[in-house]
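See below for the structure under consideration.
The values are calculated or read from the model by the stated rules, or taken from the named source; none is laboratory data. From a predicted model like this one, the values you see are computed outputs, not experimental measurements. As a convention, Cβ positions derive from the backbone with ideal geometry for all residues, glycine included, and neighbour counts pool all protein chains shown.
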There are 2 protein chains.
Amino acid sequence: MKFFEDIQVGDVFDYGRYTFTADNIKAFAVRYDPQAFHVDEAAGERSHFGALVASGWHTAVTWMRLMIDYRRRMDEAMLARGEPVAGIGPALGFRDLTWPTPVYVGDTVAYRSDVVELRLSNSRPQSGLMTFRSTGVNQHGKPVLSLVSTTFVERREKPP
Amino acid sequence: MKFFEDIQVGDVFDYGRYTFTADNIKAFAVRYDPQAFHVDEAAGERSHFGALVASGWHTAVTWMRLMIDYRRRMDEAMLARGEPVAGIGPALGFRDLTWPTPVYVGDTVAYRSDVVELRLSNSRPQSGLMTFRSTGVNQHGKPVLSLVSTTFVERREKPP
């Protein structure tokens, strides 16, 4: 991760895309959210969704996974350039998680985060607090996931 | 599910307990949240957590799973008594999700929800909106998960 001092409000982290398939929708849902419209096509057709849809939690952990992969690639690139890498975490939680549009079989979701606030931390003065809004948008440009989270990011300049 | 009219603010849904093991912590994290302290004991020991810890998302989807199982048992019991069962969902999203205490290997978390608000819906007059705070508490009585969610619940008395 970049150091806290190198991040600015408005910075964008672009995590890439993920395509939801009947197989990966059901594989998640069978284990963690086995509601009928997440595990069975016919039940999905009879539901208010009209078809099999991904669990909202699946759309959220997919964001998490792509974000972790992105941070790893960023760290590897920084290390390859001989730059030091900042620690990140723990996350404090999130707020305002919404699923505005269902995710259907075949949908491809693009995930990103926008930095919305940066402030110093009283409890961990060696870190700052980064607040960012993360979104997933489907191939029609419709938002399918939105949440705001706050996490610690290591400062380059530590207080004495 | 009970019908909207049969739910009161203060009602408790008791979902039961789940024990987090090294195996189930890693199985979730490898797929959805592969940060080092969620997938490797030695990395966990070196981290600010001091040991392998469960992904916060794992503690959240475990709540989801236990809640779905609970609702299914409730529906089966109501049907066995010859009572009609109300439809529930979709959920609108969540707010104020926090992970106040890490979940370590061997921790047993008790999950429950408390109904905090009930109101009618303008967009779906055949349903009401139930807002509930869900919590997970470990075997030491410490909270590990808290979130507030709102979902539609079918009304027994439909408007004309």
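Here are some notes:
- Flag if A:ALA36 is out of contact with any Phe, Trp or Tyr (no Cβ under 7 Å at 6 or more places or on another chain), at pLDDT below 95 and within 11 Å of another protein chain (Cβ to nearest Cβ): yes
- The sole residue among A:ARG17, A:ARG73 that is farther than 19 Å from B:PRO90 by Cβ and without any contact (Cβ under 8 Å) to a residue 24 or more places away in the chain is A:ARG73.
- Lone qualifier among B:PHE49, B:PHE37 - being more than 25 Å from B:ASP6 (Cβ to Cβ) and buried (at least 20 other Cβ atoms within 10 Å of the Cβ): B:PHE37
- One residue from B:PHE28, B:PHE37 being assigned to a helix (DSSP H, G or I) and either under 30 Å from B:VAL153 (Cα atoms) or out of contact with any Gly (no Cβ under 9 Å at 6 or more places or on another chain) (or both): B:PHE28
- Filter result for the condition that a residue is closer than 14 Å to B:THR59 by Cβ and assigned to a strand (DSSP E or B), over B:VAL144, B:VAL148: B:VAL144
- Exactly one residue out of B:THR131, B:THR108 is in contact with a strand residue (DSSP E or B) (Cβ under 6 Å, 6 or more places away or on another chain), polar (S, T, N, Q), modelled with pLDDT of 95 or more and surrounded by fewer than 16 Cβ atoms within 10 Å (Cβ to Cβ), and it is B:THR108.
- Enumeration of residues in the range B:42-57 that are assigned to a helix (DSSP H, G or I) and either more than 14 Å from chain A (Cβ to nearest Cβ) or in contact (Cβ under 8 Å) with a residue 40 or more places away in the chain (or both): B:ALA42, B:GLU45, B:GLY56
- Residue match in the range A:82-89 (condition: within 9 Å of chain B (Cβ to nearest Cβ) and closer than 16 Å to A:THR19 by Cβ): no
- Which numbered condition B:LEU118 misses (of (1) assigned to a strand (DSSP E or B); (2) within 14 Å of another protein chain (Cβ to nearest Cβ)): (2)
- Sole residue being buried (at least 20 other Cβ atoms within 10 Å of the Cβ) and within 16 Å of the chain's Cα centre (by Cα), chosen from A:GLY44, A:GLY56: A:GLY56
- Checked against the criterion of being within 23 Å of B:SER146 (Cβ to Cβ), away from chain B (no Cβ under 13 Å) and touching a Phe, Trp or Tyr at 6+ places or on another chain (Cβ under 7 Å), the candidates A:LEU129, A:LEU147 yield just one match: A:LEU129.
- The residue list B:PRO90, B:PRO100, B:PRO125 contains one member that is at pLDDT below 95 and over 28 Å from A:GLY93 (Cβ atoms), which is B:PRO125.
Every residue, every condition in (1) touching a helix residue (DSSP H, G or I) at 6+ places or on another chain (Cβ under 6 Å); (2) over 13 Å from B:VAL137 (Cα atoms), yes or no:
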position: B:TRP57; (1), (2): yes, yes
position: B:ASP69; (1), (2): no, yes
position: B:ARG81; (1), (2): no, yes
position: B:VAL85; (1), (2): yes, yes
position: B:THR101; (1), (2): no, no
position: B:VAL115; (1), (2): no, yes
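- Criterion violated by A:ARG155 - all others in (1) buried (at least 18 other Cβ atoms within 10 Å of the Cβ); (2) modelled with pLDDT of 95 or more; (3) over 22 Å from A:VAL9 (Cα atoms) satisfied: (3)
- Here is the figure for the range B:45-104: residues that are within 18 Å of A:ALA29 (Cβ to Cβ) and of a type in the set (A, V, I, L, M) total 8.
Residue by residue, here is whether (1) on the phi < 0 side of the Ramachandran plot; (2) in a helix (DSSP H, G or I) holds:
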| site | (1), (2) |
| --- | --- |
| A:ASP69 | yes, yes |
| A:MET78 | yes, yes |
| A:GLU83 | yes, no |
| A:GLY89 | no, no |
| A:ARG112 | yes, no |
| A:THR131 | yes, no |
| A:SER134 | yes, no |
| A:PHE152 | yes, no |
| A:GLU157 | yes, no |
